[in-house]
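Laboratory data are not the source of any read-out in this text; all were calculated from the coordinates shown. On a predicted model such as this, the values are computed, not experimentally measured, just so you know. With ideal geometry, Cβ positions are generated from the backbone for all residues, glycine too; neighbour counts draw on all protein chains shown.
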Amino acid sequence: MGYDSRSAMPISQCQLAASMLAAAHIAERHAIAAFIADAATRPAPNPFPQTSVGAVRQVWRQRAAEFRSFDITAAGLTCLLTALSGLSVDEALVQEILRAGPHTANVFHRGDGCEIVGAVLYGKPGVDLPTLLTPRATRRAPGPRSRACATSEQLDLFVHTAL
């Protein structure tokens, strides 16, 4: 995972998932947090974790157009672009990239892993977003004794429910 720029400590997936749940400005935060916390999700190669608001804004505006063209379903994209529009282009951000199967989540924070600016969860063209079971305990921001990432509450990324 990423590193806290002040202490050089890795940011765990559990911490990132908890921070995502606390990011009330992200409408799809529960789905993205469930993906991050899922046992199948792993950190992906991230050659450029340090970035800026301006770079993220430019990349994700272009990706939004590509996603429409290639029938790629995404969660969090609108909230990310809205959050970025209110920030200075020079502001530093850290990017975390996580993957499981055909799905990827890009999470942007201010360097400590706690204050999430935005995140996008997406799949390959024509692939729906994963159906994740979100235990009741993870539907709200976890408190100090949260067990949101406890092994017994791990989520099955590939569970599909019949309608």
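Observations
- Database remark: amide H of VAL127 closer than 5 angstrom to the amide H of THR73 (H placed geometrically; neighbours at sequence offset of 5 or more, or on other chains; Pro and chain starts carry no H).
- Fully extending the segment from THR51 to GLU115, taken as 0.36 nm per residue of separation minus the present Cα-Cα distance, adds 21.5 nm.
- Segment ALA22-ALA44, extension gain: residue separation times 0.36 nm, minus the distance between their alpha carbons: 5.6 nm
- For LEU93, nonlocal amide neighbours, meaning residues 5 or more places apart or on other chains whose placed amide H falls under 5 Å from its own, are THR51, SER52, VAL53.
- Rounded if a/c under 1.5, otherwise prolate or oblate - region 55-109, Cα gyration tensor axes: oblate
- Separation of the ALA65 and ASP90 label points, Cα + 7 Å toward Cβ, nm: 2.8
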